[in-house]
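*Asks:* One structure is given below, represented as structure tokens, and several questions about it will come after.
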Amino acid sequence: MVSSAIRTGLTLETFIADYGDNERYELIDGELIDMEPTGPHEQVAALIGRKLNVEIDRMGVPYFIPYRCLISLLGTSTAFRPDLVVLDETKLAQEPLWSREPVVSRGDTVKLVVEVVSTNWQNDYARKYEDYENLGIEEYWIVDYLGLGGKHYIGTPKKPTITICQLINQSYTKTLLQDPDSIESAIFPELELSTDALFAFGQNR
């Protein structure tokens with residue numbers, strides 16, 4: 001996914017009104033970010049979503065994956081549009097914007113958020129990591145199927161990496177998966193999803 005800022009100085013309210021239902025855009029510090037997903041990027045997100053929906057049905061939990069959803073930081077000019085988010089239906093009544101817009105702002109509404117890394121990898125590894133942690137989102141996956149992230153985050157030599165961030169005592173504990181392995185999720189403890197299945201989408205770039 002290639003991203004660029006095309007407008008600046010937007011408020012959260014203006015962004016939601018003008019671009020809230022347009023999946024191409026998210027807002028970071030008042031900058032409108034135009035996101036152009038690649039085919040493999042969408043395949044990675046779709047495979048994860050399919051596997052998680054199977055687990056949601058099997059577990060019988062009140063979770064769902066919305067087609068469109070923004071995670072907003074109320075009081076700021078930032079609204080992230082994650083590649084995939086799992087919401088807890090029982091918490092939606094406490095969301096101030098949900099009845100009017102598919103926007104959540106409370107960390108306890110979000111069970112899991114997934115970002116598939118693209119050329120703007122700094123946002124996924126740093127900015128979104130910090131904000132998702134501050135919101136108290138239980139679990140955050142950074143799926144870097146191309147190995148684009150900086151060496152500080154994925155080491156050298158750089159290679160495809162999945163970073164599983166789990167909230168413990170209000171801070172994320174990170175587990176890096178780079179070799180063939182199964183993804184272990186605290187939210188979905190019996191999930192059957194391998195790193196190989198996701199890394200395969202980057203092998204023919």
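*Asks:* When you look at Tyr140, is it in a helix (DSSP H, G or I), surrounded by 23 or more Cβ atoms within 10 Å (Cβ to Cβ), modelled with pLDDT of 95 or more and of a type in the set (Phe, Trp, Tyr), yes or no?
*Replies:* no
*Asks:* Output the residues belonging to segment 1-37 that are basic (Lys, Arg) and in a loop (DSSP other than H, G, I, E, B).
*Replies:* Arg24
*Asks:* How many residues, within segment 67-91, are farther than 18 Å from Tyr132 by Cα and at pLDDT 95 or above?
*Replies:* Final tally of qualifying residues: 2.
*Asks:* Restricting attention to segment 153-199, which residues are farther than 16 Å from Val116 by Cβ, among the aliphatic types (A, V, I, L, M) and more than 17 Å from the chain's Cα centre (by Cα)?
*Replies:* Ile168, Leu191
*Asks:* Six or more apart or on different chains, Cβ atoms under 6 Å: show the pairs whose first residue is in segment 51-70 and more than 26 Å from Ile16 (Cα to Cα) and whose second is at pLDDT 95 or above and of a type in the set (A, V, I, L, M).
*Replies:* That search, which allows pairs on different chains as well, returns Lys51/Leu193; Glu55/Leu191.
*Asks:* Based on what the data block shows, is Ile168 crowded, with 18+ Cβ neighbours inside 10 Å, aliphatic (A, V, I, L, M) and closer than 20 Å to Asp124 by Cα?
*Replies:* Answer is no for this residue.
*Asks:* Here are the criteria: (1) part of a strand (DSSP E or B); (2) at pLDDT below 95; (3) among the hydroxyl-bearing types (Ser, Thr, Tyr). Tell me which single one Thr163 does not satisfy.
*Replies:* (2)
*Asks:* What number of residues within segment 104-131 satisfy the criterion of being within 25 Å of Tyr63 (Cα to Cα), in contact with a helix residue (DSSP H, G or I) (Cβ under 9 Å, 6 or more places away or on another chain) and in contact (Cβ under 8 Å) with a residue 60 or more places away in the chain?
*Replies:* Count: 3.
*Asks:* Kindly list the number of the only condition in (1) in contact with a helix residue (DSSP H, G or I) (Cβ under 9 Å, 6 or more places away or on another chain); (2) outside any helix (DSSP H, G or I); (3) under 25 Å from Ser185 (Cα atoms) that fails for Pro40.
*Replies:* Pro40 satisfies all of (1) in contact with a helix residue (DSSP H, G or I) (Cβ under 9 Å, 6 or more places away or on another chain); (2) outside any helix (DSSP H, G or I); (3) under 25 Å from Ser185 (Cα atoms) except (2).
The values are calculated or read from the model by the stated rules, or taken from the named source; none is laboratory data. Computed from a prediction, not measured in an experiment: that's the story for all the values here. As a convention, Cβ positions derive from the backbone with ideal geometry for all residues, glycine included, and neighbour counts pool all protein chains shown.
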